[in-house]
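*Asks:* I'd like to ask you about the structure that follows.
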Amino acid sequence: MMKTVTEYKNYREYILDYYKERKRCSAFTWREFAKVAGFASGSYLKLVCDGKTRLREEGAKKTALAMGLLGYELDYFVLLVRYEGAKTEQEKKKCFEEMQALGEANRVKILGSEMYTYYETWKHSVVRELAVAMPGAKPNEIAKMCKPAISAADVSDSLRFLLKAGLLTRDIKGNYHQTSTSLSTGNLNVVAVAVHSLLRQMGEFALDALDKLPISERHFSGITMGMTAESYKKVVEELAECRKRIVSIVSADKNIEKVCRLNMQLFPLTEKIEYGDMNVLSKNKGE
């Protein structure tokens, strides 16, 4: 049995799984599939699945109908296609929110929905840490600990969401516990826009910290450096390993004293140099 379409994040994967399922039970071919969907080219849908072309809106509707999708499942499939083709983060955000609304209206789970909501605001990640670190604390007490301060209502809403999403549990004494000591975005896909929003918020907080906190309470450093594509890849891998080591260090803490944020950023300051030695750019360490 195939998974329902709402369990997919990628429309190409759903088309391919549908094809394989039909092929398993019959002599179904890509040509027959394309003909049923109303495409002139018998290889069109195979090219779509191979990533060599993409569906447009009208083609998405025809393909969905050919696969027997109706009602909200057809609408969801079209939204998957629209999401991939969206050119801006705002368009992607609108598409995914429409997917969420479809799920809620039809009482079906949309894969990635909880993590999208989690990463949409910084409040959930901070409340998730403070709720465990402050056993017995009221929402207004947790709210006062946040920087910037948030309302008790915000904390209550966040706690309800974290419990519903399975990111926190609550014991018979009313104390909160994390179901996992660390979270990862994994394959971003549909939560990418929400993660970008979170990164922007945290970047703004970093600027505030630079201006308002004493050096003893914050650590800022950077390197300006010339790089090749190969060294860039190696540095990204090194940062990923560094992140894992840091998570391991803080996961060993039994009791926390504060909730902190670590931003790791690597981005170009120039256009790509097409000639000469990349290493001619100076390395300014310890900024």
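The values are calculated or read from the model by the stated rules, or taken from the named source; none is laboratory data. Small disclaimer: the values here were computed from a predicted structure and weren't measured. Every residue, glycine as well, gets a Cβ built from its backbone with ideal geometry; the counts of neighbours run over all protein chains shown. Ligands, DNA and RNA are stripped out before the accessible areas are found, and what is left, the full protein with its side chains, is counted by its heavy atoms. Shrake-Rupley method; radii C 1.70, N 1.55, O 1.52, S 1.80 Å.
*Asks:* What list of ³J(HN,Hα) values in whole Hz, one per residue of region 221-236 in order, does the Karplus curve 6.51 cos²θ - 1.76 cosθ + 1.60 (θ = phi - 60°) give from phi, with Gly and Pro shown as x?
*Replies:* 7, x, 9, 9, 8, x, 9, 9, 4, 5, 5, 4, 4, 5, 5, 4
*Asks:* Further question: Work through the residues other than Arg245 whose Cβ is under 15 Å from its Cβ and net out their charges, Lys, Arg +1 and Asp, Glu -1.
*Replies:* -2
*Asks:* Binned at 5 Å from 0, what are the whole-percent values of the Cα-Cα distance distribution for region 56-104, short to long?
*Replies:* With 5 Å bins starting at 0, P(r) equals 5, 24, 30, 23, 14, 4, 0.
*Asks:* For the chain, what's the relative contact order in percent, using C-alpha pairs closer than 8 Å and at least 6 residues apart?
*Replies:* Details: 247 pairs, mean separation 40.6, N = 287.
Computed over the chain, the figure is 14 percent.
*Asks:* Hey, can you find the accessible area per residue of region 1-147 for me, probe 1.4 Å, expressed in square angstrom?
*Replies:* On the way: 7990 Å² over 147 residues.
Ligands and nucleic acids excluded, the figure is 54 Å² per residue.
*Asks:* Around Tyr19, what is the net charge, scoring Lys/Arg as +1 and Asp/Glu as -1 over all other residues with Cβ under 14 Å from its Cβ? Walk me through the intermediate numbers first.
*Replies:* Numbers: positive: Arg12, Lys20, Arg22, Lys23, Arg24, Arg31, Lys35, Lys46; negative: Glu13, Asp17, Glu21, Glu32, Asp50.
Residues near Tyr19 contribute +3 overall.
*Asks:* Going through the cross-link list Lys3/Lys173; Lys23/Lys61; Lys9/Lys164, which pairs have a Cα-Cα distance over 32 Å in this structure?
*Replies:* Details: Lys3/Lys173 39 Å; Lys23/Lys61 22 Å; Lys9/Lys164 21 Å.
In this structure, Lys3/Lys173 exceed 32 Å between Cα atoms.
*Asks:* Need the full-extension length gain, Met134 to Thr88, defined as separation in residues times 0.36 nm minus the C-alpha distance. One decimal, nm.
*Replies:* On the way: separation 46, 0.36 × 46 = 16.56 nm, distance 3.98 nm.
Length gained between Met134 and Thr88: 12.6 nm.
*Asks:* I need the semi-axes of the equivalent ellipsoid of region 1-131: take the C-alpha gyration tensor, multiply each eigenvalue by 5, square-root it, list largest first in whole angstrom.
*Replies:* On the way: eigenvalues 203, 48, 33 Å².
Equivalent ellipsoid of region 1-131: 32, 16, 13 Å, largest first.
*Asks:* Related question: Sort all Cα-Cα distances of the chain into consecutive 5 angstrom bins from zero, then give the percent of pairs in each bin up to the one containing the longest distance.
*Replies:* It works out to 1, 4, 9, 11, 12, 12, 12, 11, 10, 8, 5, 3, 1, 0, 0, in whole percents.
*Asks:* Using Cα centres only, tell me the gap between region 120-154 and region 6-35 in whole Å.
*Replies:* 46 Å
*Asks:* How big is D, in µm² s⁻¹, for region 123-185 by Stokes-Einstein at 37 °C and 0.692 mPa s if Rh is the Kirkwood radius over C-alpha pairs?
*Replies:* Numbers: Rh = 11.6 Å.
The Stokes-Einstein estimate is 283 µm²/s.
*Asks:* Note the angle between two axes, namely the Cα long axis of helix 122-133 and the longest principal axis of the Cα atoms of the chain, as a number of degrees from 0 to 90, rounded to the nearest 10.
*Replies:* 60 degrees
*Asks:* All other residues with a Cβ under 11 Å from the Cβ of Lys212 taken together, and with Lys, Arg as +1 and Asp, Glu as -1, what is their net charge?
*Replies:* Details: positive: Lys147, Arg218; negative: Asp208, Asp211, Glu217.
Neighbour charge sum, excluding Lys212 itself: -1.
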